[in-house]
Amino acid sequence: MPMSIETGRMLLRRMTGADLDWLARLHGDRRVMRYIGEPIPGAEIAARTLPAMLRDYEELPTGLGYFAAVELITGRPLGWVALRPPDSVGLCPPASTELCPPAGVAELGYRLLPEAWGLGYATEGARALVRHAFTDLDLASVVATTMTLNLASRRVLDKAGLSLVRTFLAVWPSYIEGAEHGDVEYAIARSAWLTSRAHVAGDRRCRSGGRLRG
Ligand SMILES: CC(C)(COP(=O)(O)OP(=O)(O)OC[C@H]1O[C@@H](n2cnc3c(N)ncnc32)[C@H](O)[C@@H]1OP(=O)(O)O)[C@@H](O)C(=O)NCCC(=O)NCCS
């Protein structure tokens, strides 16, 4: 079961303790956190966030967790992409009586350093994890949520083959500007992914895409 995936331009690999500096820069950047919450201090990333990411490798089924996304040729960090058991706010209705989320479902997520935005990396990583979910992990579906106003994130989900399921209003611990527009849930089922094969055409485009500048 791979926990290391090569895409056209990236290596998606396990996080290590050596990833702390760029991870703190990522989660501490106001632009990155615009649709997520307040920037997180580096001390908290060191004490809680990174240890929790590393613990996932012990506690989750193999092949799930956070993947550091680094440039394939240089190893330069770009950010992370993740495939984990769904736990985002709103994915299960309150007081749901059914098993929620159902078994065989994983949640897709991603967060990139601003210097890597706009080069197709998030799309490339998302497509790779959707493929990983349905081929290596044999999952039934992949879900994701984002703020309604997070158009870049929604576009990544579209391009990775996920479809809009619903818009919903969730209660968040703190107000984020634009929260009144709600959040959106996206999903793709394995059967739809196998049928569409949209990922095949997408891979070719990604391989000819740009590289990180500077
Ligand atoms: C969301 C994010 C991962 C996108 O990364 P990215 O590498 O720039 O995405 P891609 O280059 O693969 O392109 C995504 C698509 O969104 C489009 N896009 C980018 N910014 C946009 C914006 N502000 N409005 C509308 N579309 C936008 C791009 O043009 C591209 O579509 P196209 O290929 O049809 O032109 C990145 O902006 C990010 O890390 N944001 C902060 C963290 C975050 O919000 N994560 C999601 C939380 S749910």
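For region 117-162, how many residues meet the condition of being closer than 17 Å to Pro101 by Cβ and over 13 Å from the mean Cα position of the chain (by Cα)?
The total comes to 6.
Could you pull out every one of the strands (runs of 3 or more DSSP E) wholly within region 119-194 that has 3 or more residues that are at negative phi and β-branched (Val, Ile, Thr)?
On the way: elements: 141-147, 163-168, 183-189.
Output list reads 141-147.
Could you grab the pairs with beta carbons closer than 6 Å, sequence gap of 6+ or different chains, first residue in region 102-120 and more than 21 Å from Leu164 (Cβ to Cβ), second one among the charged types (D, E, K, R) and more than 6 Å from the ligand (Cβ to nearest atom)?
Going by the 6 Å Cβ cut-off, the qualifying pairs are Pro114/Arg31.
Checking the condition part of a helix (DSSP H, G or I), closer than 27 Å to Ala170 by Cα and not aliphatic (A, V, I, L, M), which residue from Asp56, Asp29, Asp21 passes?
Working: Asp29 fails: part of a helix (DSSP H, G or I); Asp21 fails: closer than 27 Å to Ala170 by Cα.
The unique qualifying residue is Asp56.
Checking Gly37 against (1) under 22 Å from Val184 (Cβ atoms); (2) more than 13 Å from the ligand (Cβ to nearest atom); (3) modelled with pLDDT under 95, which test does it fail?
(2)
Could you tell me which of the residues Ile45, Ile36 is aliphatic (A, V, I, L, M) and part of a helix (DSSP H, G or I)? Can you show your working first?
Details: Ile36 fails: part of a helix (DSSP H, G or I).
Every option except Ile45 fails the conditions.
Can you tell which of Ala24, Ala52, Ala18, Ala43 is crowded, with 19+ Cβ neighbours inside 10 Å and without any contact (Cβ under 8 Å) to a residue 60 or more places away in the chain? Quick ask: steps written out before the conclusion?
Details: Ala52 fails: crowded, with 19+ Cβ neighbours inside 10 Å; Ala18 fails: crowded, with 19+ Cβ neighbours inside 10 Å; Ala43 fails: crowded, with 19+ Cβ neighbours inside 10 Å.
Ala24 is the lone residue from the list that is crowded, with 19+ Cβ neighbours inside 10 Å and without any contact (Cβ under 8 Å) to a residue 60 or more places away in the chain.
Can you tell me which residues in region 126-180 are surrounded by 22 or more Cβ atoms within 10 Å (Cβ to Cβ), among the aliphatic types (A, V, I, L, M) and within 14 Å of the ligand (Cβ to nearest atom)?
Scanning region 126-180 gives Ala126, Ala128, Leu129, Val130, Val142, Ala144, Val156, Leu157, Ala160, Leu162.
Which condition number in (1) in contact with a helix residue (DSSP H, G or I) (Cβ under 9 Å, 6 or more places away or on another chain); (2) free of Cβ contacts under 8 Å to residues at least 60 places away in the same chain; (3) not polar (S, T, N, Q) is the one that Leu60 fails?
Failed condition: (1).
Can you pull out every residue in region 156-179 that is basic (Lys, Arg) and touching a residue at least 24 places away in the same chain (Cβ under 8 Å)?
We begin by selecting, within region 156-179, every residue basic (Lys, Arg); these are 159, 166.
The one that is basic (Lys, Arg) and touching a residue at least 24 places away in the same chain (Cβ under 8 Å): Lys159.
The values are calculated or read from the model by the stated rules, or taken from the named source; none is laboratory data. Please read these numbers as outputs of a predicted model, since none were measured by experiment. Heads up, the Cβs are rebuilt from the backbone with ideal geometry, glycines too, and the neighbour counts pull from every protein chain shown.
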